[in-house]
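Visitor: One structure, pasted below without further comment.
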Amino acid sequence: MIPKSHPRHSSLSERHALEAGVRRGITHMQGFIAHGRGEAFDYLIGEKTTAAAKNAIRAAAALLLLAKQPVISVNGNVAALCAKEVAELAAAVNAKVEANLFYRREKRLKAIAAELKKFGVDALIANGKTKLPQLASKRAIVSREGIFSSDVVLVPLEDGDRTEALRRMGKRVIAIDLNPLSRTAQKASITIVDNITRAMPLLVKKAKAMKRMPAADLRKLVASFNNKINLKQSLLIIRRGVR
Ligand code: ATP
């Protein structure tokens, strides 16, 4: 792999978007650290959407279209990087949107909801009464009519413990995570190993294009997707790249 001396243009604009997110009270400082981990993996996969990621995006669009109560979980990084695409996806698959944070703060949740409102989304915010079972701390707090009651949850940039808690409840979890080895990536039902800034627009496009597909065809697409194999393909791309 040829080392690059400068960050690509889009990675600079992602950093600027996150900086603005921090200034506006949307993004936590820890979000920068998480983003830095993502950038490292993005470099290793060649900073492009791979064939494996495209397959995962197609399966994810099918699963979201089949869902009875899909929910998109939005944290501070997601709101700063792709609030517009969250709104477009929610409209395309008829999903609820929930502001949900690892470092839960009322003020930040409200700032995220205000950001989503700019794109026409009325985001749910948990009132603190409903919790995911077997998960300690404030991270367990979810909205009863949102994530708690959902059958399919899209959790871009999620933490592994929460993904596991959602899976234990029998939910199908779609993750977007550049690290194919993270616990989130390993535990999700469908993992899109790609940068969220590239994956979300493609997911919106796919969901719109597949909207009129017969349910039986969507089910076939989901059934033929194997997350373990897909993750191995992403890992292979990384291994080849660093050889
Ligand atoms: P886990 O708990 O799942 O084992 P972790 O402790 O790294 O992983 P977090 O810090 O909560 O979890 O999540 C950050 C994850 O998000 C990292 O795996 C990182 O690679 C990924 N990530 C960060 N920025 C992006 C991005 N822009 N697009 C896709 N993935 C990203």
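Visitor: Taking residue 63, is it within 12 Å of the ligand (Cβ to nearest atom) and open to solvent by less than 20 Å² (accessible area, probe 1.4 Å)?
Guide: In short, no.
Listed here are the residues, each with its yes/no results for (1) open to solvent by less than 90 Å² (accessible area, probe 1.4 Å); (2) more than 18 Å from residue 169 (Cβ to Cβ); (3) assigned to a helix (DSSP H, G or I).
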{"position": "107", "(1), (2), (3)": "no, yes, yes"}
{"position": "110", "(1), (2), (3)": "no, yes, yes"}
{"position": "115", "(1), (2), (3)": "yes, yes, yes"}
{"position": "120", "(1), (2), (3)": "yes, yes, no"}
{"position": "129", "(1), (2), (3)": "no, no, no"}
{"position": "136", "(1), (2), (3)": "yes, no, no"}
{"position": "143", "(1), (2), (3)": "yes, no, no"}
{"position": "148", "(1), (2), (3)": "yes, no, yes"}
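Visitor: Have a look at 51, 17 and point out the one that is surrounded by fewer than 24 Cβ atoms within 10 Å (Cβ to Cβ) and away from the ligand (no atom under 13 Å from the Cβ).
Guide: Values: 17 fails: away from the ligand (no atom under 13 Å from the Cβ).
Unique residue meeting the criteria: 51.
Visitor: Then there is this: Pick from region 154-169 the residues that are in contact (Cβ under 8 Å) with a residue 40 or more places away in the chain and of a type in the set (A, V, I, L, M, F, W, C): which of them is farthest from the ligand (Cβ to nearest atom)?
Guide: Ranking the candidates gives 154 first.
Visitor: Among the residues of region 28-46, is there at least one that is away from the ligand (no atom under 15 Å from the Cβ) and out of contact with any strand residue (DSSP E or B) (no Cβ under 9 Å at 6 or more places or on another chain)? Break it down into steps so the answer makes sense when it comes.
Guide: We begin by selecting, within region 28-46, every residue away from the ligand (no atom under 15 Å from the Cβ); these are none.
No: zero hits.
Visitor: Return yes or no: is residue 206 within 13 Å of residue 56 (Cβ to Cβ), more than 8 Å from the ligand (Cβ to nearest atom) and open to solvent by 60 Å² or more (accessible area, probe 1.4 Å)? So that I can check it myself, show each step before the final result.
Guide: Numbers: within 13 Å of residue 56 (Cβ to Cβ): yes; more than 8 Å from the ligand (Cβ to nearest atom): yes; open to solvent by 60 Å² or more (accessible area, probe 1.4 Å): yes.
For residue 206, the condition - within 13 Å of residue 56 (Cβ to Cβ), more than 8 Å from the ligand (Cβ to nearest atom) and open to solvent by 60 Å² or more (accessible area, probe 1.4 Å) - is met.
Visitor: Something else: Go through region 70-113 and report how many residues are in contact with a helix residue (DSSP H, G or I) (Cβ under 6 Å, 6 or more places away or on another chain) and either away from the ligand (no atom under 15 Å from the Cβ) or over 19 Å from residue 25 (Cα atoms) (or both).
Guide: 12
The values are calculated or read from the model by the stated rules, or taken from the named source; none is laboratory data. Since we're looking at a predicted model, the values are computed, not measured. Here Cβ is always computed from backbone atoms with ideal geometry, including for glycine, and neighbour counts include all displayed protein chains. Remember, those area values only see protein heavy atoms, side chains included, never the ligands or the DNA or RNA. Shrake-Rupley method; radii C 1.70, N 1.55, O 1.52, S 1.80 Å.
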